[in-house]
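Single-structure report; data block below.
The values are calculated or read from the model by the stated rules, or taken from the named source; none is laboratory data. Here the structure is a predicted model, which means the values were calculated and not measured. Methodologically, a virtual Cβ is constructed for each residue, glycine included, from the backbone with ideal geometry; neighbour enumeration extends over all protein chains shown.
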Amino acid sequence: MKKISKLPPILDGNNIEQKRQEILEYFQNTYTLYEKLFEVFVNDSVFYQKSEPTRHPMIFYFGHTATFFINKLILAKVITKRINPDFESIFAIGVDEMRWDDMSSEHYTWPDINEVRAYRAKVKSHIEELIQTLPLSLPITQDDPFWIILMGIEHERIHIETSSVLHRQLDISQLKNSSVWLTCKDFGNAPKNELVSIEGATITLGKDKNHHLYGWDNEYGRESEIVNDFETSKYLVSNGEFMEFINDGGYEKAHLWDEEGRKFLEISAATHPPFWVKSENGFRYRSMSEIMQMPLNWPVDVNNLEAMAFCRWKSEKEGSDYRLLSEAEWYLLYERSHIEDVPNFNDAKANINLAHFASSCPVNRFAFGDIYDVVGNVWQWTQTPIDGFKGFEPHPIYDDFSVPTFDGKHNLIKGGSWISSGNELMKHSRYAFRRHFYQHAGFRYVKGKAIQFEENIYESDTSVSQYCEFQYAQSSFGVENFAVTCARLASEYSLNHTKALDLGCATGRASFELARHFDKVTAIDFSARFIQVGVVLQTKGKIFYERQEEGEIKSRQSHSLEEFSLLHVKDKVEFWQGDACNLKAHFKDFDLVMATNLIDRLYEPRLFLENVHERLNEEGILILTSPYTWLEEYTAKDFWIGGYVDENGKEVSTLEGLKNILEKNFKLLDTKDIEFVIRETPRKYQHTIAQMSIWKLKTPKKCEIV
């Protein structure tokens, strides 16, 4: 197969223009490769089909990666103008079966595919221009505009892989063969698997921020782990080896599956791996674009639950303990195999980076000493749930890349597959999926008792924990809880109490308080890290978080809806992730829109303020609160509503700026000062006064008939 995927660039070097060219070529290769993936559809109607019910139609994924570039560049204030606001809203947020995922078909009107192709072309041209003109210094650091461009490229590299999985789940009649995506033709019987002894060692996980390769936020930080001696399978588990599990009724034996696995079987009715196709003569195999003879010597593709059930079956059959690899054990295999990381990574030695095939290949083809496929062929499920390393910090421009997966429900996959590229090739890359999800992923087993991982139920993200304390802990210095005050006043000013929108809802306290007074509350925040707290309260009734005390000392706190007498209203609230400056059109018909301490944290608040009247019913009320702490860190000075001196030397306050924008559609009813206190440590608090302004939507003038 002709090599079609480039290796990623390193972040340092001595030649600026050469680095520009490297990044430009890497971007162009990524963008083109992604589009070629969608050229295998038999016609354009396939773009409007779903590969499976819990995903968006394929057109979403085609548009999503392009809008990601624009949305992140705007958020990082690298650019200020959108290319297509509608596209950059509807294609913004994917699906991971979170409660805030929007899967309602009523909320989407998918555009013509040719419009999306034209949009992708505009984005491509725009990014190419940025790469060639933005200031560049080396090494590229996480606060550099080029980091955001690399973030967009690596994000699209991820979707090359995940979209190819969705392709594989489409009906085969919707795809055609392509000379770009060639399947391996080496079929045969499965080799007999055997165990290889691995000597233990102390493994250091994670990397420093000065590392020479791009990384996602969960890769940074450090942890050491002692890995004991263990035995692991020489080969990945093949289709042939897994066939023994099938023939022995593995999917029908409930005791081989844990509670989550049994639920998966009940919902999916699965009786065999997803890419096996039943036929009159047994099983055939589904590659990305064809159904073919079963390659018994290729690795099996399964989810984590199926892999664990196989290990229980093998344990029972042989009277020994078998389990999946841990993350640290995979690291040990990697280091033991003397694999060189990018830029010296050699993709000729593994079935990875599309260097050989657009499919798996025999499990006994690529050896790393006495173990095969340490990297490549298919990802390897681990038994390790993903969490942050010590020192983890979410990247501010993509703060929900990792944190929503730190829930004990997402397990790490390691090693990459035949289509893995970019950051996925790197030693420190960390990707995790829900245990019932499918990727191009299989497993190897370890002989030994399962490792117990303690579930981390305490929120440790500093900013999120501080907001939990702010919204749910007892008030300080006699100042009433800010969320409670705002919700109470909002209810008093509202003329109707059917629907309310809490925009910038953070961890959700005001949303639940509004639900005391409104029939339905829509709670929206830009950050999934924050709304996740509200969702946990809604589903589990209780939150746990770490509170800063002194230096490294932290205490563990918890609060429940029951202690605030909010349990009876929790189901009246629905949480969504969204951008206040570019909300989806279906968020409308509200009696109240409340935006607390939001406007001076928006990248372009005028976009929200000039359109918010379209979200309200007649007699609708808009309530804004803000301490008016304008900072260029959040809002470029050109977009400040107030707090500046204009070209005539006049000082413009934010309230004046609000009047200039809002009085076209609203009447100012009142203003109030609202105090709030934020605890940082037992001896340090922020005491702030926000101004609340209350606005009533003007009734449209009726035309007189003469």
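Considered as a group, the residues in segment 135-175 that are charged (D, E, K, R) and more than 18 Å from the chain's Cα centre (by Cα) include one that is nearest to P273 (Cα to Cα), and that residue is R168. The residues on offer are Q466, Q471, and the sole one that is modelled with pLDDT under 95 and in contact with a Lys or Arg (Cβ under 9 Å, 6 or more places away or on another chain) is Q466. Within segment 5-44, if we keep just the residues that are closer than 24 Å to D341 by Cα and among the hydrophobic types (A, V, I, L, M, F, W, C), the residue that is surrounded by the most Cβ atoms within 10 Å (Cβ to Cβ) turns out to be F27.
Residues considered: W379, W330. Of these, the only one that is closer than 20 Å to I160 by Cβ, crowded, with 21+ Cβ neighbours inside 10 Å and in contact with a strand residue (DSSP E or B) (Cβ under 6 Å, 6 or more places away or on another chain) is W379.
Just one of the listed residues (I661, I621) is in a helix (DSSP H, G or I), touching an Asp or Glu at 6+ places or on another chain (Cβ under 8 Å) and at pLDDT 95 or above, and it is I661.
Rundown of residues vs (1) crowded, with 18+ Cβ neighbours inside 10 Å; (2) within 26 Å of T625 (Cα to Cα); (3) in contact with a Ser or Thr (Cβ under 8 Å, 6 or more places away or on another chain), yes/no style:
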position	(1), (2), (3)
K520	no, yes, yes
F530	yes, yes, yes
G541	no, no, yes
Y545	yes, no, yes
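Residues in segment 250-273 that are among the charged types (D, E, K, R) and in contact (Cβ under 8 Å) with a residue 40 or more places away in the chain: K253, D258, E260. For segment 490-538, a residue qualifies if it is basic (K, R) and part of a helix (DSSP H, G or I), and the qualifying residues are R509, R529. Scan segment 129-147 and tell me whether some residue there is closer than 21 Å to L607 by Cα, at pLDDT 95 or above and aliphatic (A, V, I, L, M). Within segment 129-147, not a single residue is closer than 21 Å to L607 by Cα, at pLDDT 95 or above and aliphatic (A, V, I, L, M). Taking first residues from segment 41-70 that are touching a residue at least 40 places away in the same chain (Cβ under 8 Å) and more than 10 Å from Q174 (Cα to Cα) and partners that are assigned to a loop (DSSP other than H, G, I, E, B) and among the acidic types (D, E), the Cβ contacts under 8 Å between residues at least 6 apart in sequence or on separate chains come to T54/E97.
Taking the condition crowded, with 18+ Cβ neighbours inside 10 Å, more than 30 Å from I413 (Cα to Cα) and out of contact with any Cys (no Cβ under 9 Å at 6 or more places or on another chain), does I131 pass?
Against the criterion (crowded, with 18+ Cβ neighbours inside 10 Å, more than 30 Å from I413 (Cα to Cα) and out of contact with any Cys (no Cβ under 9 Å at 6 or more places or on another chain)), I131 qualifies.
Among residues of segment 541-582 being aliphatic (A, V, I, L, M) and part of a helix (DSSP H, G or I), the one that is farthest from F608 (Cα to Cα) is L567.
Taken together, F477, F512 contain a single residue that is touching a residue at least 40 places away in the same chain (Cβ under 8 Å) and crowded, with 21+ Cβ neighbours inside 10 Å, which is F512.
Looking across segment 430-457 at every residue that is more than 27 Å from T162 (Cα to Cα) and among the polar types (S, T, N, Q), the one that is modelled with the highest pLDDT is identified as Q452. Taking segment 311-327 only, how many residues are over 25 Å from the mean Cα position of the chain (by Cα), part of a helix (DSSP H, G or I) and either charged (D, E, K, R) or buried (at least 24 other Cβ atoms within 10 Å of the Cβ) (or both)? Final tally of qualifying residues: 5. Working carefully through the options D646, D571, D600, find the one that is more than 30 Å from G541 (Cα to Cα) and modelled with pLDDT of 95 or more. Being more than 30 Å from G541 (Cα to Cα) and modelled with pLDDT of 95 or more holds for just one of D646, D571, D600, which is D600.
Scanning segment 665-690 for residues that are assigned to a strand (DSSP E or B), of a type outside the set (A, V, I, L, M) and without any contact (Cβ under 8 Å) to a residue 60 or more places away in the chain yields F666, K667, T671, D673, K684, Q686.
Going by the structure shown, is L622 without any contact (Cβ under 8 Å) to a residue 60 or more places away in the chain and either surrounded by 13 or more Cβ atoms within 10 Å (Cβ to Cβ) or in contact with a Ser or Thr (Cβ under 6 Å, 6 or more places away or on another chain) (or both)?
no
If you go through segment 192-231 and keep only what is hydroxyl-bearing (S, T, Y) and either surrounded by 20 or more Cβ atoms within 10 Å (Cβ to Cβ) or assigned to a loop (DSSP other than H, G, I, E, B) (or both), you end up with Y214, Y220.
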